Amino acid sequence: MGLGSKTLAEIESQPQLWTEALRQFEQRADELQRLWSTTSFDEIIFTGCGSTYYAGMVGAALLQAGTGITARAVSATELMLFPEMIVSAHRTTLLICVSRSGTTRETVAAAEMFRNHGGHSIVVVTCSSESPLAQTADVLVAIDAAQEESRVQTRSFSSMLLAVTALAALFTGRDWRILASMPERLERLTLASAETVERLGRDLSITQFVFLGSGALYGLACEAMLKMTEMAKLFSAAYHPLEYLHGPHYTATATTQLIGLLSDGARAEELRVFNILHGRGLALFTLSDANRLLPVGGTVITLDSDLPEWGRGLLYLPPLQRICWLQAVERGFDPDNLAYRPQA
C-alpha cells in the first residue's frame, strides 16, 4: 500500500457514492418537501466545521439565490459560543447541519443551542445515521456509505454537498433529478482532465496555491484550499477573484499557482481579473463549463456538463482533490494518517 492509498481510493469512488447520495436523498425528498411547504421560514442557516462549513456556504448561496429567503452559513463554533448573535425566537429559522461523523462536538452543541434559543426546525445531512447529531433532526439525510477511513474529507464532503445541492433545488422548485447525470459526467471529466491534473500535481516547483471563486463557487475554492493545506502542507489561500486584486495578489511570486473557478453570472469580471493576473506573469489554471468565453492565457479544463449552473458546481472539486493528493504524496506526506510526516 503506497502513501495515501486509502484517500486515493475514496477520491476515485465518488461516482458510485454520488449515485448513493441521490438515492438516499430521494428517500427523504417527500419529508423535506412537507417541511418546506408547511412552514413559512424567514431564514435558513447552514452550520458545520471546516469542510462542512464550506459546504454550507455553497448551500446558502444556492438557496438564497433561488428563494429570496435570507440564507447564510455560520461556523458551528460561532453558533455554539454566540447563539444570541445568530438565532432569534422572533424569526422562523431552519437550521441545516452538515457533518461527516455526526459527532463533532461543536456541531452537536450548535444544534442544541439552536433549539434553546428559539430555532424552529433542523435538517441534518451526515454520513452517520446513528450519530448524536442525527438524533436532533426533524428530517435526516444520511449517506452512511460515504464514510471514510482517511482523515481528510473527499467523498464524504462531495456526497453531502450533492445532497445539499439537491435540497436547494427541491426548495427552489427546480428539478433535482437532473443531478442523476453527475456521476457519469464526473467519470468523463476525470479522463479528460487526467493529463493536466498529473502535471500540476507533480510540479514541486509550486510553493503557493491560490483558489479563486465567486458566488456559490467560493465555498468550493475554500474547500480546495483546505484540502491542499491538509494534504500537502503547502501555503494555500482562497479568495473571491476581485478581492484578490485588493492587496492579496502582492503575496504572489513566480512559484504561485492560481486556480480559477469560472462562473456564468460573474464571468466578465472574473475574466478581467484572471487576464490581469496572467498578464503579470502568474501561472493560471482555470476550470469552466464549455462553450463560454475563456481566459486569454494559462491552462483550461472544461466540464462539458450540459447542466445549469446551480447543478454543476460540484464537478469543479474532484480534479482539485486529485491535484492536492498528488502534491502531498510527491512531497512525501501521507493523507491517510492523522499525523502527516514526510517519509525518511
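Some points to look at:
- Given (1) open to solvent by less than 10 Å² (accessible area, probe 1.4 Å); (2) hydroxyl-bearing (Ser, Thr, Tyr); (3) free of Cβ contacts under 8 Å to residues at least 60 places away in the same chain, number of the condition Thr154 does not satisfy: (3)
- Between Gly215, Gly173, the distinction of being under 30 Å from Gln33 (Cα atoms), within 13 Å of the chain's Cα centre (by Cα), modelled with pLDDT of 95 or more and in a loop (DSSP other than H, G, I, E, B) belongs to Gly215 only.
- Considering residues of segment 284-309 that are open to solvent by 40 Å² or more (accessible area, probe 1.4 Å) and hydrophobic (A, V, I, L, M, F, W, C) only, the residue farthest from the chain's Cα centre (by Cα): Val296
- Within segment 218-251, tally of residues that are more than 22 Å from Arg151 (Cβ to Cβ) and modelled with pLDDT of 95 or more: 7
- Cβ pairs under 8 Å, 6+ apart, first in segment 203-226 and over 11 Å from Tyr239 (Cα atoms) and touching a residue at least 24 places away in the same chain (Cβ under 8 Å), second of a type in the set (Lys, Arg) and part of a loop (DSSP other than H, G, I, E, B): Leu204/Arg331
- All of (1) among the acidic types (Asp, Glu); (2) open to solvent by less than 60 Å² (accessible area, probe 1.4 Å); (3) part of a helix (DSSP H, G or I) hold for Glu148 with one exception: (3).
- Restricted to segment 22-38, and to residues there that are of a type in the set (D, E, K, R) and under 17 Å from Ile122 (Cβ atoms), the residue that is surrounded by the fewest Cβ atoms within 10 Å (Cβ to Cβ) is Arg34.
- Annotation: Ile11 fulfils all but one of (1) surrounded by fewer than 19 Cβ atoms within 10 Å (Cβ to Cβ); (2) in a helix (DSSP H, G or I); the unmet one is (1).
- Whichever residue in segment 75-111 is more than 25 Å from the chain's Cα centre (by Cα) and charged (D, E, K, R) and, among such residues, is surrounded by the fewest Cβ atoms within 10 Å (Cβ to Cβ): Glu84
- Filtered residue count, segment 50-66, keeping only those that are open to solvent by less than 40 Å² (accessible area, probe 1.4 Å), of a type outside the set (Gly, Ala, Ser) and out of contact with any Lys or Arg (no Cβ under 9 Å at 6 or more places or on another chain): 4
- Those residues of segment 85-104 which are assigned to a loop (DSSP other than H, G, I, E, B), more than 9 Å from Gly118 (Cβ to Cβ) and without any contact (Cβ under 8 Å) to a residue 60 or more places away in the chain, in sequence order: Ile86, Thr92, Ser101, Gly102, Thr103, Thr104
- Scanning segment 161-179 for residues that are touching a helix residue (DSSP H, G or I) at 6+ places or on another chain (Cβ under 6 Å) and small (Gly, Ala, Ser) yields Ala163, Ala166, Ala168, Ala169.
- Residue check, Ser131 closer than 26 Å to Glu20 by Cα, of a type in the set (Gly, Ala, Ser) and either modelled with pLDDT under 95 or under 21 Å from the mean Cα position of the chain (by Cα) (or both): no
- Residue-level check: of (1) open to solvent by 30 Å² or more (accessible area, probe 1.4 Å); (2) in contact with a Ser or Thr (Cβ under 8 Å, 6 or more places away or on another chain); (3) part of a helix (DSSP H, G or I), Pro132 misses just (3).
The values are calculated or read from the model by the stated rules, or taken from the named source; none is laboratory data. Just so it is clear, the model here is predicted, and its values are computed rather than measured. Note: ideal-geometry Cβ built from the backbone for every residue, glycine included; neighbour counts use all protein chains shown. Remember, those area values only see protein heavy atoms, side chains included, never the ligands or the DNA or RNA. Shrake-Rupley method; radii C 1.70, N 1.55, O 1.52, S 1.80 Å.
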